[in-house]
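One structure is given here, and the rest of the page talks about it.
The values are calculated or read from the model by the stated rules, or taken from the named source; none is laboratory data. Remember, it's a predicted structure, so these values are computed and weren't measured experimentally. Here the Cβ positions follow ideal geometry from the backbone for every residue, glycine too, while neighbour counts run over all protein chains shown. To get the accessible areas, we keep the full protein, side chains included, count just its heavy atoms, and leave off ligands, DNA and RNA. Shrake-Rupley method; radii C 1.70, N 1.55, O 1.52, S 1.80 Å.
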Amino acid sequence: MTTTDAAAQNGPILSVRDLVKEFPIKSHSVVRRTIGAVHAVSGVSFDIHPGQTLGLVGESGCGKTTTSRAILHLQPATSGEVLFEGRDVTKMSKGDLRRMRRDMQIVFQDPYASLNPRITVSEIIAEPLKIHGLYSNDGPGQVAELMRLVGLNPEHGNRFPHEFSGGQRQRIGIARALALKPKVLVLDEPVSALDVSIQAGVINLLEDLQDELGLAYLEQPASVHEGADLGDPDPGPAPGARARADHRAGRRAVPGRSALRLPLPHPLPAADDAARGGRRALRRRGACARRPRARRRPSDGVPLRGPRSLAIR
C-alpha cells in the first residue's frame with residue numbers, strides 16, 4: 001500500500017483542481033429556461049500518486065459519486081481541472097478520452113445492475129478488450145487469467161450473472177475493470193451492496209491487487225467505518241473539502257493511504273436542532289402531554305368507539 005519514493009518523485013498520476021459540477025434547474029413552462037442550479041460538487045482538489053489510495057468520505061448525497069463521474073468525464077464538469085499524467089481530461093477530444101480510459105477504470109456500486117444479464121461472464125470481461133481492439137487470438141486465455149486473478153473459476157465463464165452471488169458479481173466487475181490494465185481505479189462504494197461476511201473478502205482482494213499491480217485507488221466508502229483504514233498521511237486542506245486523519249485508538253496508521261471528507265451540502269441550522277431538543281425535553285417532563293380524545297355519545301344505532309364499542313345487531 002505504500003507509495004514508493006520513485007513514484008513520489010515523479011509526481012501525482014491524478015490531480016484534481018477546483019472541480020465544480022452543477023446541474024441546472026429548468027422551469028416547467030413551454031420554453032424551458034434555467035432558473036437555478038444544484039451545486040453537487042464545489043471546489044474539490046486533491047492529488048493521487050501511483051500505488052496510493054485516496055478515500056472520499058462523506059454523508060449520503062454529498063457528491064462522492066458525482067465527483068468520480070466528473071473525473072472520468074462520464075458527466076462533464078462545470079469548471080475545474082482534472083489532470084491525468086499532466087493532461088487535462090476536461091479538454092480532451094473523443095479519441096483522446098477513449099485512449100485515456102484504458103488507464104482509468106471504475107468499479108460501480110451495484111454489482112447487480114452493472115452487469116449485462118443477457119451475456120455470459122466471459123463476454124462481459126472480454127467486452128473492454130474488444131472495444132479497444134485488444135482482443136486477439138489469445139483472448140479466451142486473457143479472460144481466464146483475469147478470472148483467476150479475482151478468485152473466480154475460469155470454468156464458470158459460460159454462466160450468466162444471475163447464477164453468481166453478490167460477492168462473485170462484484171469480482172466480475174473488478175475483473176472487467178482490470179482487463180485493460182489501468183493505472184487508476186475508481187471504487188464507487190464497491191462493497192456497500194454486499195453482505196458483511198463478503199465485504200472483507202472483496203476488500204482483501206482489492207488490497208492484494210494493489211500490491212501486485214501497483215494500482216492507484218480513488219475509493220468512496222459507504223460509511224466512515226468502511227473507510228476507517230484510510231488514515232495517515234493527511235493530504236492537507238483543500239478548497240471545498242476538508243481532510244481527515246483517522247487516529248482511532250488501537251488502529252495502525254497505513255502509510256500511503258489518505259482520506260478526504262466532503263462536507264454536507266445543506267447542513268441543518270443549529271436553531272432548528274435546539275428547538276427540536278427543547279420540544280423533546282418538554283415531552284419528557286409531561287408539559288406537552290396529549291389531551292384525551294373525546295368519545296362520541298351513544299345514539300340510536302351508533303355504537304361507542306373504543307375497545308368496548310362492539311355492538312351486536
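Going by what's in this entry, would LEU180 be described as open to solvent by less than 10 Å² (accessible area, probe 1.4 Å), under 23 Å from the mean Cα position of the chain (by Cα) and not polar (S, T, N, Q)? Walk me through how you get there before you give the answer.
Numbers: open to solvent by less than 10 Å² (accessible area, probe 1.4 Å): no; under 23 Å from the mean Cα position of the chain (by Cα): yes; not polar (S, T, N, Q): yes.
In short, no.
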Search result, residues across the range 97-117 that are buried (at least 16 other Cβ atoms within 10 Å of the Cβ) and free of Cβ contacts under 8 Å to residues at least 24 places away in the same chain: MET100
Conditions (1) small (Gly, Ala, Ser); (2) over 22 Å from the mean Cα position of the chain (by Cα); (3) exposed (fewer than 14 other Cβ atoms within 10 Å of the Cβ); number of the one not met by SER197: (2)
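Out of the range 133-154, which residues are part of a helix (DSSP H, G or I), open to solvent by 10 Å² or more (accessible area, probe 1.4 Å) and touching a helix residue (DSSP H, G or I) at 6+ places or on another chain (Cβ under 9 Å)? Reasoning before the result, please.
Going through the range 133-154, the residues part of a helix (DSSP H, G or I) turn out to be 139-149, 154.
From what's left, open to solvent by 10 Å² or more (accessible area, probe 1.4 Å): 140-142, 144-146, 148-149, 154.
Within the range 133-154, PRO140, GLN142, ALA144, GLU145, LEU146, ARG148, LEU149, PRO154 meet the criteria.
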Candidate set from the range 118-132 (those that are outside any loop (DSSP other than H, G, I, E, B) and touching a residue at least 12 places away in the same chain (Cβ under 8 Å)); member that is most open to solvent (accessible area, probe 1.4 Å): GLU127
Selection within the range 33-72 - out of contact with any Pro (no Cβ under 8 Å at 6 or more places or on another chain), surrounded by fewer than 18 Cβ atoms within 10 Å (Cβ to Cβ) and either touching a residue at least 60 places away in the same chain (Cβ under 8 Å) or part of a loop (DSSP other than H, G, I, E, B) (or both): ARG33, GLU59, SER60
